[in-house]
Amino acid sequence: MTFSFHVPYAVPTVLLAAALLLKLPTFLRAWRDPEVLATTLLLFWATAALVVIIPVNIERLNRLTGVPNIAAPWAYSFLTASCATGLTMIMRWREEPSRRRRTRIRRIYWIYAGIIAALWVTFVLADAPHERIYDLDTYYANTPWMREHILLYLLAHVASCLTAVYMLWRWFHEVGNPWLRTGVVLLQIGFASGLVFDAAKLTAITARWCGADWDWLSTRAAPPFALTEAALVAVGFIVPQAGPALKRLARDQTEYLRLRPLHRAVRCLEPAAAPARLGPWTPLDLRLLRRQQHIHDALRLLAAHLDTELYRAAYTHVARHQGESTARAVAGAVTVRDAIAAYTAGRERRNHHLPHISNHITDHLSAISTALYRPRTLDRIRRRVTTTESLNAHA
């Protein structure tokens, strides 16, 4: 056994374990949610199955228990449990909550629980004294009870894959959500890979029954398809749930970073109340809300110092050369910088009522904040428009 031989097992196992760890916080918060519970269980069963079937772990488990091939019923039980959970997940996605759906889901769990029990019974009844790490399925293909043990998990896996592919194929054309549609495609490919795995295993076993030696189908051809199935099915179930969350996270992160220059610019203004401290583990959406509130509070303090004429002049100047959105952003940035300078210098209030340009600023905070990255450009525009205003006034 070489390290390179175990890498194909380790890669999907690590990916599934990482997905399980990422899912745990959601599970702890919402473990009563059937979809969250089912997804977590699916990841757990699939991860456990892959951990057990790694050759070095098979040897360790056999040695620790003192029972040759004890890893087989453990691995097959985890695989069967993940098949049951996968089918129920698809049913929860496809069908609205109903008594009929609950009955069908309960029936699936009972059937597969019976299969798991039968796996252990057949293993106990079988006589399999020789440890087989790589070729257990074909080596014991003709051994009473061990033969039934192997066929039981393979046929259960075939049934679950065929049922899943059929349900997903019928449902695919009805799916409109892009994240869910992506998940369905990944699941179809994953379960199809599982069918290839089953076909290779069953062909090798049948060859043994006929006196031929096609063990390479079981030991070499089949495992990559099993690993592919495990990874794709897990990702396929995660994508519809994690996709929208990751999209919101990316959007919030982008907005949080865009508001940084504006937040820094108004940080010098005294807040109305002492801000609550946010720890390093504070959720991003809460930190974004805090930053937005701080900016809005600061803009209320600056409202009396916002120069309407400066905003109009800067907007007109920039609009001659660039688009309307850029003109609004630059004009807002110039006006906010001028208002901050006026406020900190203690100049007299320009406005005793809320100026109408306040809405133009609060409605474009991200763009204004981005424009603040170019302070020299803003200073040059302010000097140009104020000089023009001065010349016009003297004329």
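Here the helices (runs of 4 or more DSSP H) wholly within the range 131-245 that include at least 1 residues being under 21 Å from Arg94 (Cα atoms), basic (Lys, Arg) and out of contact with any Asp or Glu (no Cβ under 9 Å at 6 or more places or on another chain) are 146-172, 178-209. Considering (1) of a type in the set (Gly, Ala, Ser); (2) buried (at least 22 other Cβ atoms within 10 Å of the Cβ); (3) modelled with pLDDT of 90 or more, the lone condition that Ala298 does not fulfil carries the number (3). From the residues in the range 17-36 that are of a type in the set (D, E, K, R) and surrounded by fewer than 17 Cβ atoms within 10 Å (Cβ to Cβ), which one is farthest from Arg106 (Cα to Cα)? If we take residues in the range 17-36 being of a type in the set (D, E, K, R) and surrounded by fewer than 17 Cβ atoms within 10 Å (Cβ to Cβ), then Arg29 is farthest from Arg106 (Cα to Cα). In a residue-by-residue description of the range 93-103, the property of being touching a residue at least 60 places away in the same chain (Cβ under 8 Å), within 21 Å of Phe197 (Cβ to Cβ) and not aliphatic (A, V, I, L, M) applies to no position.
Among the residues of the range 303-336, write down those that are part of a loop (DSSP other than H, G, I, E, B) and surrounded by fewer than 18 Cβ atoms within 10 Å (Cβ to Cβ).
Arg320, His321, Gln322, Gly323
Reported count of residues in the range 285-311, each being under 15 Å from Asn359 (Cα atoms) and either among the aromatic types (Phe, Trp, Tyr) or free of Cβ contacts under 8 Å to residues at least 12 places away in the same chain (or both), is 2. Ala245 falls short on exactly one of the conditions (1) closer than 26 Å to Thr370 by Cα; (2) modelled with pLDDT of 85 or more; (3) surrounded by fewer than 17 Cβ atoms within 10 Å (Cβ to Cβ); (4) of a type in the set (Gly, Ala, Ser), and that condition is (2). Every listed requirement among (1) over 19 Å from Ala371 (Cα atoms); (2) in a helix (DSSP H, G or I) is met by Leu269 save one, (2). Here the range 181-197 is the region considered, the condition is being more than 23 Å from the chain's Cα centre (by Cα) and crowded, with 23+ Cβ neighbours inside 10 Å, and the residue that is nearest to Gly236 (Cα to Cα) is Gly194.
Within the range 37-85, the set of residues being farther than 21 Å from Val121 by Cα, touching a residue at least 60 places away in the same chain (Cβ under 8 Å) and surrounded by fewer than 22 Cβ atoms within 10 Å (Cβ to Cβ) comprises Pro55, Glu59.
Please indicate, with yes or no, whether at least one residue in the range 341-351 is surrounded by 15 or more Cβ atoms within 10 Å (Cβ to Cβ), modelled with pLDDT under 90 and of a type in the set (Ser, Thr, Tyr). Yes, there is a match, as at least one residue in the range 341-351 is surrounded by 15 or more Cβ atoms within 10 Å (Cβ to Cβ), modelled with pLDDT under 90 and of a type in the set (Ser, Thr, Tyr).
The values are calculated or read from the model by the stated rules, or taken from the named source; none is laboratory data. Quick caveat: nothing in here was measured; it's all calculated off a predicted structure. Here the Cβ is made from the backbone with ideal geometry for all residues, glycine too, and neighbour counts use every protein chain on show.
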